[in-house]
Structures are given as C-alpha cells and as structure tokens.
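Quick notes on the structure that follows.
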Amino acid sequence: MTFRTPYALGCALCVGLAGATVARIGLVPAALVAAASLALAAGATSPQATLALAGLGLAVAGWGIGSVRLAAIDHSVLAPLIGTAERAVVEIEEPARRGSFELRMRAVVLRWRDLRPREPVLLELPLGRAPPQGARLALIGVLRAPRGPSNGFDERAWLRRHGIHAVLRAQDWRVVGRRGGLAGIGDRLHAWLAGASVPGVAGVRRGVIEGVVLGEDEGLPDALRQDFRASGLYHLLAVSGGNVAVVALGTLWLALLLGVPRLPAEVGVLATITGYVLAVGAQPSVVRAGIAGALGSLGWLTGRERDARYALVVAATALLGWNPYNALDPGFQLSFAAVLAIFFLAPRFKSWLEGYPLPTGLRTGVAISAACGLATAPISWFQFHQIPLLTVPANAVGGFVVAPMLALALVCALLAPVASSLAAALAWANGWLAAYLAACAHVFGSLPGAQVTSGRTAAVLGLGAVGAAAYAWQRGERARAEAGLPPDGDGSAEDRRRAPAPAGADR
C-alpha cells in the first residue's frame, strides 16, 4: 500500500486531536514540544527521521489544540443554574424527535435571565405541535441535569460530547422569530426539501424518502426502524457520500445540459454541495462527504489531481479539530470505517469474486457491502451490542434504489413550483421505490438470526471474518501481481502517474 508523507502527517494530527479525549495537556507545553520536534525534523538527515519527528510534532500540537477545544466544550454557564426556572429565548437547531412523553430537540439558549450564554441544551416540550427547525421561541423553562447511565445508555455522557450540559423543560412556548445567517439559509432549504420532495406522499413511504434525502427517521414506525437496523440497511437512511455524489453529479449534468460552461458549472456544484450540507445538518458523515465533494470540484477548478484519501484526512482533521469528542461518536466511527473499507478492502474482495459468474455491477456492490460490513461490525458491537448478518444480501437486493430515490426526490423539489402535477406523479413513483426499500428491510430484518446479540456468537463470527478477510487480501495481492499491477492497485491518481510504465508501453 502506498502511504505518502501527507497522509502520515495528517493522520498524526488526527491522532493528537483524538488523544485529548484520553488525557489533556496544556497548550504552552504542547507548543514547546511540537516546536522542538519540528525543528529537529528540519535538521534531520534521513527521510524516516524527518517524517517521524514531524509526525510527533503534529501529534503533540493536535493534542494541545484538542485539549483547548475540549475545555471550551466542557465549559458551561447554565450547569450551575440547574434546578432554577426562568424566562428564556431559544433557537431550535434540528427537527423535533417524538418520544413517549415529550418532544426532544437540540436548541441554543440565547437569553436566560439577564445572561446571554448562547449555549446548546436539550429542549423538552409537551407532545403536540412541534416548533419548526430554526424557530426562535420565548418560553418559561426549568433546567435539569442530564440523566446518568440507564439501560445501557448514558444520557449525560452522550450530551456532554455534543457540548450540552443541561436539559431545558418547558410547557408553553411561542414563536418570536427565526434565526438568520447561513444557519437560517439551511433551515429554509431543509423546509423546502422536506415539503417539495414528497408532494402527495404520506405514511411510511414519506418517512423512507425523508430518511434517504434528509437523513431523518422520525417518520418511520419503531418496528420498521428496527428492521432497517437488523437488516443492515439503516445506513441508507443516513446522508453519506452517495447522496453528495448524486447532488453534485446531478447539478453538473443539469448545468452542462443547459449549455453552462464547465467553470461556472463546477462553481455551481460547490454551491449546491454547500446548500445540501446546510439543509441536512453538520453530522460527521455529512461533513465528510461534503468536504470530499467540495475538494473534488476544487481539484478540477485548480487543475490538480483529485485524491479521495486527501479528502478523507482533511475531513477527519476538520471534524476532530472542531470537536475532538467526535472520535467517540458512533456516526464518525462508522462513516470513516466504511470509507476506509471501500478504499482498502473492497478492491481485494472484488478481485476475489472475479472467478464467479456475477455481473460487474453486482460484483462491485457485493464487494463494497462485504467490506463495509466487515469493517463496521466491531463498531456496531461495541456501540450497540448487535451485528447485522444479512448486510450483503440485503444491500444487494435493496441498496440500488437509493440513488434513483434521491434523484427523483430532488427533481420533484425542483419541479414542484412550476409543474406540480408532474412533480406529484414522480413523487408517486418514488413512493413505490420507498415501499420496495421498506419491504426489503422488513423481510431481511424479520428473518431468524438476522442480527447477532450474543457475545460468544460475535466472537466466533469475528474470528471467521478476520480469516476470510486475510484470505481475500492475499488472493487479491496474488491476482494483482499476476496482472502486473502494483500492490496498491487502487492507488491515487498521483501514485499512478508516478508509477513506471509497463514493459513495451513505448513501442
């Protein structure tokens, strides 16, 4: 595997940022050690020593920066006021989630008494109508402490990692305005997509389409949501790189179809990716995919080769630099593990399947599903104590409808203001695709043994999976050697450009 210096240095910085979640260091000592390491690296005589010292310096610098960020995230103005009641003004940052006894959503407290903390809280409101995302509310609320561990879930720790240290409960509220800026633009885009992408569609079908388009599962019944988890299809309800690719390629195709030159078309792609990320929210998988798509367009605009691995390192650095607690977030871990599996495991699995009578597209899909399932299984077990076993067949049968569903939903949103009848017809057709995906989740998720919840069974399956992965890796390397390819057959464009030409290429 070709692993160039920028990869190593970026990974060193990420390790330092994530290390702050284990132990913290003062910024001044970290700066001194980092400066000394970088100075020694500048005077080192061997490339290995230079790389090691530079990596150490960046890791320590990341450790110091991460420690400062965690101190800021852990600081709370409202925590000392827990147990008090007061008039407050808050802004809603996400759609409400309906629980058994209340509505819950993330909000930012703009005013509490004479304080203006601008601090995030978990807002709890009575069941009934929910305030829209982006609304500014006036209310009388009571602050309570987050709950400790219960039934395997620690609300206090989970909220703390998101910078939330208090829960605000209120009975009555009224809308007094809306937030502005980029967040306000994202709120309006979210409301537009939520309504215009599913005209005339209701029930489970609407919930599935909203999950594919916006990454929200609030419209699904609990039983179906569990079916998606058990079948290994739940990742299709989270916004990922596939969503951003559909948005970016659709924008580029539409611009070129209308005769727009490539340069402004790529600028339009950047604007569309930014708008989509603002609309669906800054989740780890969304930010990672958005950065990758934006860097791809910037690579074309600047005339540089595009390397998805650089985008992955940049995205990890941005997410961990903003909040080092992201390293402990299941969404972050699952997203990056899946992408790494696509880079490094899927090509080997695809080579392993080349001797079987499978269509190329199905072989690629099976290889990607198997690689992602293998890479994310340990995370699923440690985070949720369950592993879906039918990920590969479920994704092979149902996963192919997601891209058409997203494309149809976006077309409906664009057509709704000017051709409502056509948009409604396309939404009706999209509803059937959503019904098919829900049926796949239900069928596979309802099968006996669809997921593992036993520790012993998980251990046995883990050993078997490691053995199968090792065999696939070895067979893939052997096939590449026989074909005359470098060991890292899926290397970056820069790697391929630097590789020597095969014998006879100049004849």
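The values are calculated or read from the model by the stated rules, or taken from the named source; none is laboratory data. As the structure is a prediction and not an experimental result, all values here were calculated from the model. Every residue, glycine among them, receives a Cβ derived from its backbone with ideal geometry; neighbour counts consider all protein chains shown. In case anyone asks, the SASA skips ligands and DNA or RNA and just uses the protein heavy atoms, side chains included. Shrake-Rupley method; radii C 1.70, N 1.55, O 1.52, S 1.80 Å.
Determine, yes or no, whether V247 is crowded, with 23+ Cβ neighbours inside 10 Å, modelled with pLDDT under 85 and over 20 Å from Y310 (Cα atoms). No, not satisfied. Applying a threshold of 9 Å to beta carbon distances and a minimum spacing of six or more residues, or different chains, the list of pairs starting in the stretch 139-165 at a residue that is free of Cβ contacts under 8 Å to residues at least 24 places away in the same chain and open to solvent by less than 80 Å² (accessible area, probe 1.4 Å) and ending at one that is in a helix (DSSP H, G or I) and among the hydrophobic types (A, V, I, L, M, F, W, C) reads G148/A157; A157/L328.
Exactly one residue out of R129, R87 is surrounded by fewer than 20 Cβ atoms within 10 Å (Cβ to Cβ), part of a strand (DSSP E or B) and among the basic types (K, R), and it is R87. Consider the stretch 12-33 and keep the residues that are under 15 Å from L51 (Cβ atoms) and out of contact with any Ser or Thr (no Cβ under 9 Å at 6 or more places or on another chain). The one that is most open to solvent (accessible area, probe 1.4 Å) is V15.
Screening the candidates L406, L415, L390, L410 for the property of being within 29 Å of V201 (Cβ to Cβ) and either free of Cβ contacts under 8 Å to residues at least 60 places away in the same chain or in contact with a Cys (Cβ under 6 Å, 6 or more places away or on another chain) (or both) yields one hit, L415. Given the condition within 30 Å of G184 (Cα to Cα), assigned to a helix (DSSP H, G or I) and open to solvent by 40 Å² or more (accessible area, probe 1.4 Å), answer yes or no: does some residue in the stretch 43-65 qualify? Yes - at least one qualifying residue is present in the stretch 43-65. Test G200 against the stated conditions and say whether it is part of a loop (DSSP other than H, G, I, E, B), open to solvent by 20 Å² or more (accessible area, probe 1.4 Å) and in contact with a Phe, Trp or Tyr (Cβ under 8 Å, 6 or more places away or on another chain). For G200, the condition - part of a loop (DSSP other than H, G, I, E, B), open to solvent by 20 Å² or more (accessible area, probe 1.4 Å) and in contact with a Phe, Trp or Tyr (Cβ under 8 Å, 6 or more places away or on another chain) - is met.
Restricting attention to the stretch 440-460, and to residues there that are within 21 Å of F400 (Cβ to Cβ) and under 25 Å from the mean Cα position of the chain (by Cα), which single residue is most open to solvent (accessible area, probe 1.4 Å)? Here the residue is H442.
Here the stretch 1-11 is the region considered, the condition is being open to solvent by less than 70 Å² (accessible area, probe 1.4 Å) and among the hydroxyl-bearing types (S, T, Y), and the residue that is nearest to the chain's Cα centre (by Cα) is Y7.
Exactly one residue out of A327, A337 is assigned to a helix (DSSP H, G or I), of a type in the set (G, A, S) and either crowded, with 21+ Cβ neighbours inside 10 Å or touching a Gly at 6+ places or on another chain (Cβ under 7 Å) (or both): that is A327. Can P330 be described as touching a residue at least 24 places away in the same chain (Cβ under 8 Å), under 20 Å from the mean Cα position of the chain (by Cα) and farther than 15 Å from C14 by Cα? Yes, satisfied. So in the stretch 216-239, with the set limited to residues that are open to solvent by 20 Å² or more (accessible area, probe 1.4 Å) and of a type in the set (G, A, S), which one is farthest from C372 (Cα to Cα)? Taking the candidates together, the pick is G219. Which residue out of R179, R188, R174, R205 is among the charged types (D, E, K, R), in contact (Cβ under 8 Å) with a residue 60 or more places away in the chain and open to solvent by 40 Å² or more (accessible area, probe 1.4 Å)? Exactly one residue qualifies, and that residue is R205. A count restricted to the stretch 281-295 and to residues that are in contact (Cβ under 8 Å) with a residue 60 or more places away in the chain and either surrounded by fewer than 23 Cβ atoms within 10 Å (Cβ to Cβ) or not in a helix (DSSP H, G or I) (or both) stands at 2.
The test for being within 19 Å of Q283 (Cβ to Cβ), outside any loop (DSSP other than H, G, I, E, B) and touching a residue at least 40 places away in the same chain (Cβ under 8 Å) holds for P120.
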